[in-house]
Amino acid sequence: SSGINAEWPLRPGDMAKKISVLFIAFVMLWMVCITTQTNTWDKKKCEKVVKKLSKRCEYQCNEIAGNGEEKKNGETASSSSKIPDSELKPLVKEKIQWKLDTESITVTTDSTVGSGEDMYVDFYDSDDNRAGAVYIYFSTQIQYKLGYCTSYINFPGTVPAAVHNTWKITYTTEQRVAIYCNGVQVANLLLSDSVCTGDSYWGTYWEKETTQIQFSSYDTASDKYCISSNAGAI
């Protein structure tokens, strides 16, 4: 039983190796189950162990493949927010085309809490006018700010405690901004006068039709990014 209760989840460096061991163990135990049809107790015990190993193999393989489940409003939901490394692009500080409503922005960071690093994602319309922004600040507590709308505030949800984080930002034409961290929704705001208390002229910016984004030259936290479908993201 010590092998089954080993530290989980696996560390990235030895993940593939341990999955291979688990897979071999799974096949061997399954074969034992097949050969113990006459012994009811042994069969049930064996199948229980196989089921546990199978779930762990499936979970870790999904992590490698970039699949998994997304926590949304405290519930589990099917997600397409996990982006394979092959689809992530090196960060660029130039304007990037973005289709509002149908696409989300995925950004990876390796900033630690208290590092003072920032993620700056600026929104622009087709005439290069500013149309809003989302900033994330790694202070003693991770905070966010909607440019031309709020000041820096603590996330209303719980931000997962990790160094290597994957952030997803969605924004819709109804002026709703949602932020996810490692598949967990940590903010979901419908912009209004009561929300945008940091700038009384917030509508001058956010009511423009966003067609582009740009990582600011002040961005010190973002590493890679990807523009992808946000179907089912909110």
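Measuring from label point to label point, each 7 Å out along Cα→Cβ, what is the Lys99 to Ser139 span in nm?
About 3.8 nm separates the two model spin labels.
For the range 73-203, what class follows from the C-alpha gyration tensor (a ≥ b ≥ c being the square roots of its eigenvalues): rounded when a/c is under 1.5, otherwise prolate if a/b is larger than b/c, else oblate?
rounded
Testing the spin-label approximation: label points 7 Å from Cα along Cα→Cβ at Thr204 and Ser115. State their distance in nm.
According to this spin-label approximation, the distance is 3.5 nm.
With each label point set 7 Å from Cα along the Cα-Cβ vector, what nm distance links Val195 and Ile153?
If labels sit at Val195 and Ile153, their model points lie 0.9 nm apart.
Rounded, prolate or oblate, given the Cα gyration tensor of the range 82-144, with a/c below 1.5 counting as rounded?
oblate
With a/c under 1.5 counting as rounded, go ahead and sort the range 131-234 into rounded, prolate or oblate using the C-alpha gyration tensor (a ≥ b ≥ c being the square roots of the eigenvalues; past the cut-off, prolate if a/b is larger than b/c, else oblate). It would help to have the intermediate numbers written out before the result.
Details: a/c = 1.44, a/b = 1.28, b/c = 1.13.
Rounded.
Per 0.36 nm of contour for each residue apart, how much would the distance between Leu91 and Asp223 grow if the chain were fully extended, relative to their Cα-Cα spacing?
This chain segment gains 46.9 nm when fully extended.
Provide the net charge surrounding Gly203, with neighbours chosen by a C-beta distance below 15 Å and charges set as Lys +1, Arg +1, Asp -1, Glu -1.
Neighbourhood net charge equals -3.
A short reminder: the numbers here are calculations on the coordinates, not readings from a lab. Quantities reported herein were computed from a predicted structural model and do not represent experimental measurements. Ideal geometry is used to build each Cβ from the backbone, glycine not excepted, and the neighbour counts take in all protein chains shown.
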